[in-house]
Every structure is written in C-alpha cells, then in structure tokens.
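**Q** Could you have a look at this structure, given as structure tokens, before my questions?
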Amino acid sequence: MNVPKPEYIDFPGSRTVVVRFSELPVSRMPEAMDRAYRALGEAMQQGAFRPAGPAFSRYESVPDETATFETGFPVEDPLAEAMTVGDVRIVPSELPACTLAISQHVGPYEGLGESWRSFVDQVESEGRTTLMPFWEAYDTEPGPDVDPETLITGLAVPVKDDSNTA
C-alpha cells in the first residue's frame, strides 16, 4: 500500500444527492451501497438529477462496528425535493466548503482502512487536525470486468492548520 503525500486545497463545497444510512452495521455496507446506487441510477434515468462528478461516500464519524454515512453524487443543480425510488429515500445534501487534504488509494476496497490510517497519520504529522465529515470518491467505477487492483479511490478530509498556533 502506497498512499501519495497529501495535497491541500481550498474546496468550494458541493451540492449533492445522496442516500443516508445511520448506525448501519459495517458488514451490511456493500449491500446497502449497491441498493443505494441502483436507486440513484434509476433517479438519474428519470431525470431527477445529473451527476457533476464521481460517486462518493461521506462519513459523519470513523466507522467501527457501525457507520453513519451518506452515499451519492455531487451535482450542479440541487434536487428539488426528497424522493423515493422503491424503498430507498434520496435527499439533497452537501459537501462543506473547507481546506481539504486529499490523496488516493489504489487497489481493492478492502485496503481502504489501512490507506485512510496512513493518510490521516501523514496529515497530522504535518501539523494539521482532521475534522468531520470526511469522504471518499470512487474515481474508478467498480464492475465485474474491472480488476480490483486498478480501482482508484480519492480520499478527502477537512483540516485545520495547527502549525501557526501559539
């Protein structure tokens, strides 16, 4: 595992369209995300929204036994109102404007936890405090014909610079 050195950007924020999950057992995340993205895909086909970037998941806290997160897409035009596709509720949300540390994980999703730890350790060793929420962008779309070793996942965490604190 090799996580590139973090870069820091001024992120302007982004409107999003998402499916929210609260205290979902981590073991159920893949199934829940599949259901969410199927519903989001159907909503796109219905013309409810157009993505303005790759799919992502935004976490409100570090997953442990459970995870509270939302998964969806950035959009230029906000969803007019919440909607339901099947039994999946789709809602408008946003990624906050902030100073953002970014990097990438290359490889299977099973290695994401280790990449996140390495990334956060690098950020904190550079005198910055990581904040919530944090998110990951699925820059390579997974699928049956995609080699998991080639998956690229963007890592993003808001930060506060502590190096200038007296």
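**Q** Assess whether ALA43 counts as being over 18 Å from LEU95 (Cβ atoms), touching a residue at least 40 places away in the same chain (Cβ under 8 Å), among the hydrophobic types (A, V, I, L, M, F, W, C) and part of a helix (DSSP H, G or I).
**A** Working: over 18 Å from LEU95 (Cβ atoms): yes; touching a residue at least 40 places away in the same chain (Cβ under 8 Å): yes; among the hydrophobic types (A, V, I, L, M, F, W, C): yes; part of a helix (DSSP H, G or I): yes.
Considered against the rule, which asks whether it is over 18 Å from LEU95 (Cβ atoms), touching a residue at least 40 places away in the same chain (Cβ under 8 Å), among the hydrophobic types (A, V, I, L, M, F, W, C) and part of a helix (DSSP H, G or I), ALA43 comes out as yes.
**Q** Of the residues that make up region 79-101, is at least one among the acidic types (Asp, Glu), in a strand (DSSP E or B), touching a Gly at 6+ places or on another chain (Cβ under 8 Å) and surrounded by 13 or more Cβ atoms within 10 Å (Cβ to Cβ)?
**A** Filtering region 79-101 for residues among the acidic types (Asp, Glu) gives 81, 87, 94.
Next cut, in a strand (DSSP E or B) only: 94.
Among the residues that remain, those that are also touching a Gly at 6+ places or on another chain (Cβ under 8 Å) are: 94.
Filter again for surrounded by 13 or more Cβ atoms within 10 Å (Cβ to Cβ), leaving 94.
Yes.
**Q** So ARG58 fits all but one of (1) over 14 Å from VAL157 (Cα atoms); (2) in a strand (DSSP E or B); what number is the exception?
**A** Exception for ARG58: condition (1).
**Q** Looking at VAL62, VAL3, VAL26, VAL85, can you tell me which residue is of a type in the set (A, V, I, L, M) and farther than 22 Å from SER115 by Cα? It would help to see each step written out before you state the result.
**A** Values: VAL62 fails: farther than 22 Å from SER115 by Cα; VAL3 fails: farther than 22 Å from SER115 by Cα; VAL26 fails: farther than 22 Å from SER115 by Cα.
After ruling out the rest, the residue left standing is VAL85.
**Q** Under 7 Å by Cβ, and 6 or more places apart or on different chains, what pairs join a residue from region 125-144 that is over 20 Å from GLU60 (Cβ atoms) with one that is of a type in the set (S, T, N, Q)?
**A** As it stands, the answer is GLY127/SER163; ASP139/THR153; THR140/THR150, since those pairs meet every condition given.
**Q** A follow-up question, please. Output the number of residues of region 40-76 satisfying the condition of being farther than 20 Å from PRO12 by Cβ, over 13 Å from the mean Cα position of the chain (by Cα) and surrounded by fewer than 20 Cβ atoms within 10 Å (Cβ to Cβ).
**A** Counting residues in region 40-76 that are farther than 20 Å from PRO12 by Cβ, over 13 Å from the mean Cα position of the chain (by Cα) and surrounded by fewer than 20 Cβ atoms within 10 Å (Cβ to Cβ) gives 10.
Each row is one residue, and each column tells you yes or no for (1) in contact with a helix residue (DSSP H, G or I) (Cβ under 9 Å, 6 or more places away or on another chain); (2) modelled with pLDDT under 95.
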| position | (1), (2) |
| --- | --- |
| GLY47 | no, no |
| ALA67 | yes, no |
| PHE73 | yes, no |
| ALA80 | no, yes |
| CYS98 | no, no |
| GLY111 | no, yes |
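**Q** Just to be sure I understand, how many residues within region 62-78 are within 19 Å of MET29 (Cβ to Cβ) and either touching a strand residue (DSSP E or B) at 6+ places or on another chain (Cβ under 6 Å) or not in a loop (DSSP other than H, G, I, E, B) (or both)? Break it down stepwise before answering.
**A** Filtering region 62-78 for residues within 19 Å of MET29 (Cβ to Cβ) gives 62-73.
Now restrict to residues that are either touching a strand residue (DSSP E or B) at 6+ places or on another chain (Cβ under 6 Å) or not in a loop (DSSP other than H, G, I, E, B) (or both): 66-73.
Qualifying residue count for the region: 8.
**Q** Do you know which of the residues in region 102-119 that are surrounded by 21 or more Cβ atoms within 10 Å (Cβ to Cβ) and not hydroxyl-bearing (Ser, Thr, Tyr) is nearest to SER61 (Cα to Cα)?
**A** Across region 102-119, the extreme among qualifying residues is TRP116.
The values are calculated or read from the model by the stated rules, or taken from the named source; none is laboratory data. Predicted model only: the values in this text are computed from it and were never measured. No Cβ is skipped: glycine too gets one built from the backbone with ideal geometry, and neighbour counts run over all protein chains shown.
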